[in-house]
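Undergrad: The structure that follows is given in the form of structure tokens.
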Amino acid sequence: MPVTPVTTIISRWRPCSCLIWKAIGCALFALEILSAAVPAASPYFAIKVVDGDSGRGVPLVELRTVNEAAWWTDSNGLIAFDEPGLMELEVFFHVSSPGYEVIADGFGFRGVKLRPTRGGSATITVKRTNIAERLYRVTGAGIYRDTILLGQPAPTQRPDLNGQVMGQDTVIATPYRDRIYWFWGDTQRPRYPLGHFAVSGAVSELPGRGGLDPNVGIDLTYFVDETGFSKPMCPQPNKGMRWLEGVFTVMDANGRERLASRLAVMRDLGFAHEWHLVVFNEMSGVFESVQRWERHEPHQSAHPFASDVKGKRYIHIFPDWRSPAQLERMADLDNYEAFTCVAGDGKWRDAETKVQREPDGRVRFEWKRGADRLTNRRCAALVATQQLAADESPLRLIDIESGLPLRGRPESVAWNQFRRQWIAFASDKPGEVWFATADTPVGPWAYARRVVTHGDYNFYNIAHHSFLDQQSGRVVYFEGTYTDTFSAARAPTPRYNYNQMMYRLDLADDRLQLPVPIYARRDRTGAIRLQRMEQIVAAGAENEITGIAFFARPPTCRRSDAVPVFAVQTRTGTELSLAASAPGASPLFVALPLVPPAPNPGIDGVWHGRAKRSGDSGDGLDFEVEFVAEAGGITAIRPDGTKGGRGTISGERLSVRLEFDGVFYDCEAVIRGYEFKGTWRRVGGDDQGTWLGRREDLTPREMTSVAIVALRRVENAATRSWEYSVAPANVNEPAGVDICRVWKAPGRAVLLDATIRAAANVHSDAPPKRVD
């Protein structure tokens, strides 16, 4: 039944002395106010999951009980737990999140035991296996749901529901007139499964000018309709799905800065009814068409950037497709230029399309006005018709760990001041994000490192927001669409599905020191010189590049396995040496040693294995244990760092008593190399069985890559000079000497345009006039 406030009860009395009752009433009213100001005990148990490296909360971490009930952390890494029947009990939670993990126990379970209490709290620390750090969800409902339930502060003004947006697909964004403009594709609403398909939009303030630090969040203000729902930003033409290709700022004929884009009006994923050049009207708050094109090629999300080519400014819709940076000229498709190897005018003519080549047979790429862009599908067609060999295809990214090709191509390309390189983010398998670098925006793109995985989930249309870069580009931010679409996900993740997730990446991480090209340059005397791009640009010799000799780590690399290689330029070419030619000399590149270091022998190390009970038909139970040799025997260490047993080793025979969850087991095994195999018996019980294990090899996987080759030095008797090769030795060639190991060039095609300079923008670090 409802409780009536005491002040209401007093007001119904008719006392003889009004003064007495007024005094009593005032006192009770004050007590009522005080009692209302004291917060009630929280009905929730607060669980926070934090990154063991940064200490910040981790979004998208799943906690699942043994009966499959599940909760996911919000963008602060919080869960407001209130499960009837489980409060005040010890509960085991499986903890999982793609790119993060907790240490497995002796039985292989990755989780924690907690005792939930109302008003209580607990913190779970997870280890990040992704290189990039997951920060927060940008779009959708309930971004800080559990934070709100727990009565804790959220960083954004609308942390529960913003613009009535439940889900949004594919982000593109750019600064414009002192604010950041954000646009998305298809958008979901609360009231019906179908939202709208005509572009959504929002603005946020620039960091340092009223906006949040991107490390904290993005505070969006949506463009909304009369109902408060995110309004269509491209209401016309009123047909099909309308998707912006990429937004950019450009000057019109009056010298006024305009926000513009190219718009596809899609029938389905593979066919466009038409394309438009659209410009944002600030009075109406929508994009309006200024040019219609009768084009039907499918849409691809783009992240344009401005460039300067010999004093001429361009807008690159894609790294290999650009237009003069003038609005009126962008209306005419004949003004666009493609970086292509298609012969003649560069137009695509299906099976009749031919490839142009240099006199020596190499594929020749150049910018052609009015040419068609070489998409993934067109490159595959050229390979299928044998116009291109597989290793001549320009769209080749290579996994630095395995040396095998990836399926993706650079998606979001930008100049990076900290690395003084062009950087890119790309996809391969659904849910993965890869990082790569190049000397120019068109390439050569080669080796890439995976920085994010989402397990079975998808994460597509990756967008690096260079306008959010910090510390002169050392820290970069990127996001993508987290969705079960086009994936092997078993079920959608509540609240997170079909929304944007932000990540942060520190480019000073040693794992991102990717190999760079070492070019072969034929100078005016005919001598072949090995140099990096900045040396060639400084000499103004870009046109003398004949190819890529190999790839190697940059001279700034200081890894423990680094082998500095120095160069002396002589009259006849380049001489390489492992010794510095002069005190303080800088190496040309950093290579790998000829003989990779072998893993430490013996029992010491982490062993992964499987134990099986005699008579069981199942696969058995996985376990992990570390053995440490000490005086008088060996010690077994559990994954959580606690001691789990003692034993002895004599020759190849291992004998150890292990303890798992309070139960002891006597284990015997024979060690052969990096493997053991033996039997176990439960102490004080009848259980027995077999166990086997293999020691963890700590050698980085990339050191066994098929792309790593020996760099061989051979003397040319005719010119009395040294020549260098990574090709297998030929019996008819003079004997050479291997001096180190490097990475081979992944293909014969050399995509390169050293004339492109990143154009300075007010929202990013101004790059140098030369890429050095």
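Undergrad: At least 2 residues that are closer than 30 Å to Arg449 by Cα in each: list the strands (runs of 3 or more DSSP E) lying fully within the stretch 106-164 that qualify.
TA: Details: elements: 111-114, 121-128, 133-137.
Fully inside the stretch 106-164 and qualifying: 121-128, 133-137.
Undergrad: For Ser472, work out the one condition from (1) of a type in the set (S, T, N, Q); (2) at negative phi; (3) open to solvent by 10 Å² or more (accessible area, probe 1.4 Å); (4) touching a residue at least 40 places away in the same chain (Cβ under 8 Å) it doesn't fulfil.
TA: (2)
Undergrad: How many of the residues in the stretch 580-606 are part of a strand (DSSP E or B) and either modelled with pLDDT of 90 or more or basic (Lys, Arg) (or both)? If you could, list the steps in order and put the result at the bottom.
TA: Of the stretch 580-606, the ones part of a strand (DSSP E or B) are 589-592, 605-606.
Then keep just the ones that are either modelled with pLDDT of 90 or more or basic (Lys, Arg) (or both); that gives 589-592.
Result for the stretch 580-606: 4.
Undergrad: Would a scan of the stretch 101-108 turn up a residue that is of a type in the set (Val, Ile, Thr) and at pLDDT 95 or above? Before you say what the answer is, go through the steps one by one.
TA: Narrowing the stretch 101-108 to residues of a type in the set (Val, Ile, Thr): 102-103.
Subsequent filtering for residues that are at pLDDT 95 or above retains none.
Checked against the condition, which is being of a type in the set (Val, Ile, Thr) and at pLDDT 95 or above, the stretch 101-108 yields no hits at all.
Undergrad: Of these, Gly615, Gly633, which one is at pLDDT 90 or above and over 30 Å from Trp722 (Cα atoms)?
TA: Values: Gly615 fails: at pLDDT 90 or above.
That would be Gly633, the only listed residue that is at pLDDT 90 or above and over 30 Å from Trp722 (Cα atoms).
Undergrad: State all residues of the stretch 60-91 that are buried (at least 23 other Cβ atoms within 10 Å of the Cβ), in a loop (DSSP other than H, G, I, E, B) and in contact with a Ser or Thr (Cβ under 7 Å, 6 or more places away or on another chain); if no residue qualifies, say none.
TA: Correct list: Leu60, Val61, Asp74, Asn76.
Undergrad: Could you look through the stretch 562-573, keep only residues that are of a type in the set (Val, Ile, Thr) and under 38 Å from the mean Cα position of the chain (by Cα), and pick out the one that is least open to solvent (accessible area, probe 1.4 Å)? Give the steps one after another, and end with the answer.
TA: To start, the set of residues in the stretch 562-573 that are of a type in the set (Val, Ile, Thr) comprises 563, 565, 568, 570, 572.
Restricting the remaining residues to those that are under 38 Å from the mean Cα position of the chain (by Cα) gives 563, 565.
Values: Val563: 29, Val565: 0 Å².
The residue in question is Val565.
Undergrad: May I ask you to list the residues in the stretch 690-701 that are surrounded by 19 or more Cβ atoms within 10 Å (Cβ to Cβ) and either under 14 Å from Ala552 (Cβ atoms) or not small (Gly, Ala, Ser) (or both)? Step through it out loud before you land on a result.
TA: Taking the stretch 690-701 as the starting set, the residues that turn out to be surrounded by 19 or more Cβ atoms within 10 Å (Cβ to Cβ) are 691, 693, 695.
Those that are surrounded by 19 or more Cβ atoms within 10 Å (Cβ to Cβ) and either under 14 Å from Ala552 (Cβ atoms) or not small (Gly, Ala, Ser) (or both): Trp691, Arg695.
Undergrad: How many residues does the stretch 187-218 contain that are surrounded by fewer than 18 Cβ atoms within 10 Å (Cβ to Cβ) and part of a strand (DSSP E or B)?
TA: Result for the stretch 187-218: 2.
Undergrad: Hey, Ser655 hits all of (1) free of Cβ contacts under 8 Å to residues at least 60 places away in the same chain; (2) not in a strand (DSSP E or B) but one; which does it fall short on?
TA: Result: Ser655 fails condition (2) only.
Undergrad: Of these, Arg262, Arg329, which one is of a type in the set (D, E, K, R), within 25 Å of Ala426 (Cα to Cα) and either touching a strand residue (DSSP E or B) at 6+ places or on another chain (Cβ under 7 Å) or not in a strand (DSSP E or B) (or both)?
TA: Details: Arg329 fails: within 25 Å of Ala426 (Cα to Cα).
Of Arg262, Arg329, the one residue that is of a type in the set (D, E, K, R), within 25 Å of Ala426 (Cα to Cα) and either touching a strand residue (DSSP E or B) at 6+ places or on another chain (Cβ under 7 Å) or not in a strand (DSSP E or B) (or both) is Arg262.
Undergrad: I'd like to verify a number: residues in the stretch 265-284 that are touching a Leu at 6+ places or on another chain (Cβ under 8 Å) and farther than 17 Å from Trp182 by Cα, how many?
TA: Let us first name the residues in the stretch 265-284 that are touching a Leu at 6+ places or on another chain (Cβ under 8 Å), namely 275-280.
Adding the requirement that they be farther than 17 Å from Trp182 by Cα leaves 275-277.
Looking only at that region, the number is 3.
Undergrad: Sticking with this one: So which residues in the stretch 404-426 are of a type outside the set (A, V, I, L, M, F, W, C), out of contact with any Phe, Trp or Tyr (no Cβ under 6 Å at 6 or more places or on another chain), in a strand (DSSP E or B) and under 19 Å from Gly747 (Cβ atoms), if there are any at all?
TA: Correct list: Pro405 only.
Undergrad: Taking Leu752 as meeting all but one of (1) modelled with pLDDT under 85; (2) of a type outside the set (Ser, Thr, Tyr); (3) in contact with a helix residue (DSSP H, G or I) (Cβ under 9 Å, 6 or more places away or on another chain); (4) open to solvent by 30 Å² or more (accessible area, probe 1.4 Å), write down the number of the exception.
TA: Evaluating Leu752 over (1) modelled with pLDDT under 85; (2) of a type outside the set (Ser, Thr, Tyr); (3) in contact with a helix residue (DSSP H, G or I) (Cβ under 9 Å, 6 or more places away or on another chain); (4) open to solvent by 30 Å² or more (accessible area, probe 1.4 Å) leaves (1) as the failure.
Undergrad: Go through the stretch 425-443 and report how many residues are of a type outside the set (Lys, Arg) and either over 21 Å from Trp367 (Cα atoms) or open to solvent by 40 Å² or more (accessible area, probe 1.4 Å) (or both). Talk me through it step by step, then tell me what you get.
TA: Applying the first criterion (of a type outside the set (Lys, Arg)) to the stretch 425-443 yields 425-428, 430-443.
When the remaining residues are screened for being either over 21 Å from Trp367 (Cα atoms) or open to solvent by 40 Å² or more (accessible area, probe 1.4 Å) (or both), the result is 425-428, 430-437.
Residues flagged as of a type outside the set (Lys, Arg) and either over 21 Å from Trp367 (Cα atoms) or open to solvent by 40 Å² or more (accessible area, probe 1.4 Å) (or both) within the stretch 425-443 amount to 12.
Undergrad: Taking Arg134, is it open to solvent by less than 60 Å² (accessible area, probe 1.4 Å), touching a Phe, Trp or Tyr at 6+ places or on another chain (Cβ under 9 Å) and in contact (Cβ under 8 Å) with a residue 24 or more places away in the chain?
TA: Working: open to solvent by less than 60 Å² (accessible area, probe 1.4 Å): yes; touching a Phe, Trp or Tyr at 6+ places or on another chain (Cβ under 9 Å): yes; in contact (Cβ under 8 Å) with a residue 24 or more places away in the chain: yes.
Yes, satisfied.
Undergrad: Tally time: how many residues in the stretch 382-415 are surrounded by fewer than 21 Cβ atoms within 10 Å (Cβ to Cβ), hydrophobic (A, V, I, L, M, F, W, C) and modelled with pLDDT of 95 or more?
TA: Residues that pass the stated criteria total 0.
Undergrad: Here's a follow-up. Give me a count of the residues in the stretch 286-314 that are open to solvent by 10 Å² or more (accessible area, probe 1.4 Å) and either closer than 25 Å to Pro232 by Cβ or not in a strand (DSSP E or B) (or both).
TA: The qualifying residues number 19.
Undergrad: Any residue in the stretch 331-347 that is surrounded by 14 or more Cβ atoms within 10 Å (Cβ to Cβ) sitting within a Cβ distance under 9 Å of a residue that is part of a helix (DSSP H, G or I)? List the pairs, counting only those 6 or more apart or interchain.
TA: From residues that are surrounded by 14 or more Cβ atoms within 10 Å (Cβ to Cβ), the pairs are Asn335/Arg329; Tyr336/Met330; Cys341/Leu382; Cys341/Glu392; Val342/Arg378; Val342/Leu382.
Undergrad: Could you please find all residues in the stretch 219-232 being open to solvent by 20 Å² or more (accessible area, probe 1.4 Å) and assigned to a loop (DSSP other than H, G, I, E, B)?
TA: Residues satisfying the conditions are Asp219, Phe223, Asp225, Glu226, Thr227, Gly228, Lys231, Pro232.
Undergrad: Another one. Quick check on my filter: what residues within the stretch 40-73 are of a type in the set (Asp, Glu), at pLDDT 95 or above and in contact with a strand residue (DSSP E or B) (Cβ under 8 Å, 6 or more places away or on another chain)?
TA: Of the stretch 40-73, the ones of a type in the set (Asp, Glu) are 51, 53, 62, 68.
From what's left, at pLDDT 95 or above: 51, 62, 68.
Once the filter is applied, which keeps residues that are of a type in the set (Asp, Glu), at pLDDT 95 or above and in contact with a strand residue (DSSP E or B) (Cβ under 8 Å, 6 or more places away or on another chain), the stretch 40-73 yields Asp51, Glu62.
Undergrad: Tell me which residues, restricted to the stretch 638-648, are of a type outside the set (Asp, Glu) and either open to solvent by 30 Å² or more (accessible area, probe 1.4 Å) or closer than 11 Å to Phe660 by Cα (or both). I'd like the intermediate steps shown before the answer.
TA: Within the stretch 638-648, the subset of a type outside the set (Asp, Glu) is 638-639, 641-648.
Across the stretch 638-648, the qualifying residues are Arg638, Gly641, Thr642, Lys643, Gly644, Gly645, Arg646, Thr648.
Undergrad: State which residue pairs qualify: first residue farther than 14 Å from Leu658 by Cα and inside the stretch 670-687, second residue part of a loop (DSSP other than H, G, I, E, B) in any location, beta carbons under 6 Å apart, and separation of 6 or more residues or different chains.
TA: Val670/Glu652; Ile671/Glu652
The values are calculated or read from the model by the stated rules, or taken from the named source; none is laboratory data. Not measured: the values here are computed from a predicted model. No Cβ is skipped: glycine too gets one built from the backbone with ideal geometry, and neighbour counts run over all protein chains shown. Keep in mind that these areas ignore ligands, DNA and RNA; they rest on the heavy atoms of the full protein, side chains included. Shrake-Rupley method; radii C 1.70, N 1.55, O 1.52, S 1.80 Å.
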